[in-house]
Amino acid sequence: METPAATSPDTKLVAPLWHLLCVILLLAAWVALSFQQSHHLFGTLPPRLSGYLLVLLIEWFLFAFIWFGVRIQGVPFSSLFGDLSANLRKILRDIGLALLFLVVANVVLGLLGHLLRQTSQNQAVKQLLPQTAAEIAVYLLVCVTAGICEETIFRGYLQRQFTTLTKSAAAGALLQGIVFGLAHAYQGWKMVVIIAVYGCMFGALVLWRKSLRPGIIAHFLQDSITGIFLARHI
């Protein structure tokens with residue numbers, strides 16, 4: 001079943017303004033927490049697994065909070081996702097678009113990283129890479145969660161809210177990309193710039209396809225393949 005595009009210009013916010021401010025504050029708190037190098041909220045679990053579980057809790061909490069805000073505004077939650085048709089041809093097309101997007105995006109980001117002289121992963125990123133079979137399994141669950149929740153938070157919710165407030169789809173995509181970059185501030189300012197550009201590219205993909213599905217697929221593939229590859233070679 002097709003639903004309205006997640007980023008179609010609209011005169012009505014998908015959630016109240018106070019809710020948008022709360023989401024931004026929650027993201028800011030998440031950024032502050034990300035600067036902590038160890039988490040001990042889960043007893044005797046190793047720090048890396050504890051960190052993964054914390055990410056899962058935070059992302060699904062934000063996802064649920066957005067669902068709550070959209071519901072009280074009387075907007076169908078499914079409208080954030082755009083076209084999620086179960087038609088096999090469209091699913092295969094979205095998989096193809098996700099793969100093509102990853103190729104183009106990685107070329108662009110590679111060039112940008114070269115210009116910024118970003119040649120290596122920082123320590124904060126290295127600490128996130130899975131090492132054991134158990135960590136890889138939970139890490140893949142985190143990647144699935146990131147694909148669903150972060151695309152919903154940034155490209156489904158924030159992009160549509162910013163689009164409505166600015167009355168510009170381009171501005172909505174740009175602003176959510178900036179917030180997406182800032183949400184990764186623990187990786188350093190160069191990565192903030194790179195990830196902000198990446199977020200804007202995801203926003204452009206949503207504007208073009210009118211669906212979050214290609215972005216969700218691409219987000220999952222990027223995080224999972226890159227994370228496991230780096231874990232084996234760093």
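None of the figures in this text is laboratory data; all of them are computed from the coordinates on show. As the structure is a computational prediction, the values presented were derived from the model and not from experiment. Cβ atoms come from the backbone with ideal geometry, glycine included; neighbour counts cover every protein chain shown.
Right, Thr145: buried (at least 22 other Cβ atoms within 10 Å of the Cβ), hydroxyl-bearing (Ser, Thr, Tyr) and touching a residue at least 12 places away in the same chain (Cβ under 8 Å) or not? Spell out how you get there, then give the answer.
Details: buried (at least 22 other Cβ atoms within 10 Å of the Cβ): no; hydroxyl-bearing (Ser, Thr, Tyr): yes; touching a residue at least 12 places away in the same chain (Cβ under 8 Å): yes.
No, not satisfied.
Listed by first and then second residue, the pairs linking a residue in region 166-190 that is polar (S, T, N, Q) to a residue that is surrounded by 19 or more Cβ atoms within 10 Å (Cβ to Cβ) and outside any loop (DSSP other than H, G, I, E, B), with Cβ atoms under 7 Å apart and 6 or more places separating them unless they lie on different chains, are Thr166/Gly172; Gln176/Phe154; Gln176/Arg155; Gln176/Leu158; Gln176/Gln159; Gln176/Phe162; Gln176/Gly199; Gln176/Gly203. Contact annotation: residue pairs with Cβ atoms under 7 Å, 6 or more positions apart or on different chains, pairing a residue in region 204-229 that is in contact (Cβ under 8 Å) with a residue 60 or more places away in the chain and part of a helix (DSSP H, G or I) with a partner that is buried (at least 19 other Cβ atoms within 10 Å of the Cβ) and of a type in the set (Ser, Thr, Tyr), are Val206/Thr7; Leu207/Thr7; Gly227/Tyr139.
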